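Since every read-out is calculated from the coordinates, none of them should be taken as a lab result. As the structure is a prediction and not an experimental result, all values here were calculated from the model. Here the Cβ positions follow ideal geometry from the backbone for every residue, glycine too, while neighbour counts run over all protein chains shown.
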Amino acid sequence: MRIISALTVFCLVLFTAAIVWADQVFTFTVKGVVKGLPGNGLAKNEILVKHEAIPTYRDEAGNMVGMHPMTMGFYLSEKVTADGIHVGDSIEMVIEQTIKPKFNEQVISLKKLP
Ligand SMILES: [Cu+2]
């Protein structure tokens with residue numbers, strides 16, 4: 001009986017943790033213009049983008065603070081390449097923000113707009 005209760009508690013803890021962690025990953029879509037490509041003074045997985053305002057951007061505490069338009073670097077996930085993208089291109093990106101266990105943000109989708 002004691003083993004069963006311990007197992008129940010363990011499962012409840014896992015379940016709760018799963019819910020908490022699931023809430024710590026957010027995505028948003030943002031448009032911008034490419035100002036720099038990987039290499040060329042940037043990291044090999046980094047692009048420089050002049051992006052529009054991002055109302056749903058979160059800070060490291062997970063609070064939705066937004067971000068005003070600016071030019072900044074974004075890191076591409078391993079599955080995304082900048083092949084076929086050129087400086088001056090209008091693009092749309094999907095950014096994934098992970099708040100916990102470690103703050104991270106990466107581009108999980110990148111496409112050139114017509
Ligand atoms: Cu920014």
**Message:** With θ taken as phi - 60° and the coefficients 6.51, -1.76 and 1.60, list the Karplus ³J(HN,Hα) couplings across region 58-74 in order, rounded to whole Hz; mark glycine and proline as x.
**Reply:** 10, 8, 5, 8, x, 7, 6, 9, x, 9, 6, x, 6, 9, 8, x, 10
**Complete:** Under the Karplus relation with 6.51, -1.76 and 1.60 and θ = phi - 60°, whole-Hz ³J(HN,Hα) for region 103-114, x at Gly and Pro, equal 5, 7, 9, 8, 7, 9, 8, 9, 9, 7, 8, x
**Complete:** Relative to the chain, whose Cα atoms define the longest principal axis, helix 2-22 and its Cα axis are tilted in degrees, nearest 10, by 20 degrees
**Message:** Check which residues have an amide H placed less than 5 Å from residue 80's amide H, if you skip close sequence neighbours.
**Reply:** none
**Asked** PRE reach from residue 31 (point 7 Å along Cα→Cβ): which of region 49-63 fall under 20 Å by backbone N?
**Response** 49-57
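Mind giving me the FRET efficiency for residue 61 and residue 108? R0 is 25 Å, r the Cβ-Cβ distance, nearest 0.05 is fine.
Numbers: r = 22 Å, r/R0 = 0.89.
Efficiency, from the Cβ-Cβ distance: 0.65.
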**Asked** Relative contact order for the chain: what is it in percent, counting Cα pairs under 8 Å that are at least 6 residues apart?
**Response** 26 percent
**Request:** Could you order peptides 93-100, 34-41 by the average number of other Cβ atoms within 10 Å of their residues, highest first?
**Result:** 93-100, 34-41
